[in-house]
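S.K.: One structure, as structure tokens, below. Some questions next.
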Amino acid sequence: NKKEMSVSGNCVWDSDSKGLKIILQNKSAVPGILARLPESTDYITLLKMGTPAFLFENGTELLGKNIINAYENAANGIRFLFQKSIEELLFSWMGDEIGIIGTASSEEPVFFVSLKDEKQCRDVFSHIFSTLFVQQDVSAVVNGMRIPRIEFPEVIKALVRSFKVELSTPFYIIRDGYLYLSQSAEALASFTEEAKSGKLLVKTENWKTIARAVSPETSVFAYYTLDSRVPAFLKHNAALKAVLKDYGKGVVSVKLDGAQKLRFE
């Protein structure tokens with residue numbers, strides 16, 4: 001109708017890929033990040049289908065040769081620079097939620113990953129900051145909150161730039177089982193302050209209205225507000241964008257049940 005529109009369905013899937021079968025049989029669960037989103041959230045896209053280590057282990061055959069080579073080069077570089085494997089430096093602490101959040105307070109998005117071991121994450125950050133290759137800049141203060149930034153020495157930037165790659169130097173916050181990263185310290189500060197004060201998206205009538213018919217258990221999830229900006233999954237889908245253009249807010253969810261069945265809403 002003119003006020004709202006909903007579509008849902010169920011299907012049975014199959015695949016010749018053993019790895020993909022293992023991934024898609026990972027039963028959906030409720031993402032913890034949804035209860036932490038500030039009420040100013042414009043959009044969120046998240047994946048909850050297993051840890052990066054699990055996805056890489058079982059999804060290798062689906063990745064192209066270029067991605068595999070890039071991973072191997074990164075793994076070799078990490079071991080050379082930090083004397084640790086990529087599993088120790090990254091996969092050991094990363095949980096099964098990863099995604100991107102946009103808020104009304106900033107044009108810069110916030111990237112996030114859940115932590116299966118927050119202490120290990122903090123230990124890894126301490127380790128890399130103790131080396132000559134990565135620095136921690138703690139000069140940024142927003143509304144009394146100090147927001148650290150990952151920095152690299154100029155010699156490292158110049159070396160990487162010679163390979164036509166620009167190193168990202170994001171601000172970051174580790175809080176309540178999640179690592180948040182953004183190019184904007186203001187975005188992270190606003191995100192944190194709203195969450196601390198209890199101004200959460202799940203408490204708004206808007207969220208309750210939109211999400212009331214959607215199962216909280218999900219593997220792939222997106223919340224969007226078209227009045228602010230077009231979400232990534234719609235930018236290159238003209239047909240879907242044309243259908244949804246008159247419906248300013250919505251959610252998309254894919255749920256897996258572990259028995260080769262899939263529900264979309």
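S.K.: Let's test the formula: R0 of 25 Å, r as the Cβ-Cβ distance of E72 and V12. What FRET efficiency results, to the nearest 0.05?
M.R.: Using R0 = 25 Å, I get an efficiency of 0.10.
S.K.: Residues of segment 1-126: accessible area per residue at 1.4 Å, in Å²?
M.R.: 57 Å²
S.K.: Moving on. Give the shape of segment 1-143 as rounded, prolate or oblate, defined through the alpha-carbon gyration tensor: a ≥ b ≥ c are the square roots of its eigenvalues, a/c under 1.5 means rounded, and otherwise the shape is prolate if a/b is larger than b/c and oblate if not.
M.R.: oblate
S.K.: On a 31 Å Cα-Cα criterion, which of the cross-link pairs K116/K241; K18/K255; K27/K249 come out too long?
M.R.: From the list (K116/K241; K18/K255; K27/K249), the Cα-Cα distance tops 31 Å for K116/K241.
S.K.: Which FRET efficiency value, to the nearest 0.05, is calculated for R212 and D117 with the Förster distance at 30 angstrom and r the Cβ-Cβ distance?
M.R.: Details: r = 35 Å, r/R0 = 1.15.
Taking R0 as 30 Å, the efficiency between R212 and D117 is 0.30.
S.K.: Is the chain best put as rounded, prolate or oblate by its Cα gyration tensor, with a ≥ b ≥ c the root eigenvalues, rounded for a/c under 1.5, and otherwise prolate when a/b is larger than b/c, oblate when not?
M.R.: It comes out oblate by the Cα gyration axes.
S.K.: For Q25, what is the net charge nearby, where nearby means another residue's Cβ is under 15 Å from its Cβ and Lys, Arg count +1, Asp, Glu -1?
M.R.: Net local charge, Q25 excluded: +1.
S.K.: Something else about it: Can you give the local net charge around L188? Use residues other than it whose beta-carbon is closer than 15 angstrom to its beta-carbon, Lys and Arg +1, Asp and Glu -1.
M.R.: -2
S.K.: Let me ask something else about it. Could you give the length gained on full extension between V254 and L81, defined as 0.36 nm per residue of separation minus the Cα-Cα distance, in nm?
M.R.: Residue separation times 0.36 nm, minus the Cα-Cα distance, leaves 58.3 nm.
S.K.: Label-point separation (nm) for L132 and S40, each offset 7 Å from Cα along Cα-to-Cβ?
M.R.: Going by the 7 Å Cα→Cβ label model, 4.2 nm.
The values are calculated or read from the model by the stated rules, or taken from the named source; none is laboratory data. Being a predicted model, the structure only gives us computed values, none of them experimental. Don't worry about glycine lacking a Cβ; one is built from the backbone with ideal geometry, like all the others, and counts go over all protein chains shown. Side chains are part of the model used for accessible areas, which takes the heavy atoms of the whole protein and leaves out ligands, DNA and RNA. Shrake-Rupley method; radii C 1.70, N 1.55, O 1.52, S 1.80 Å.
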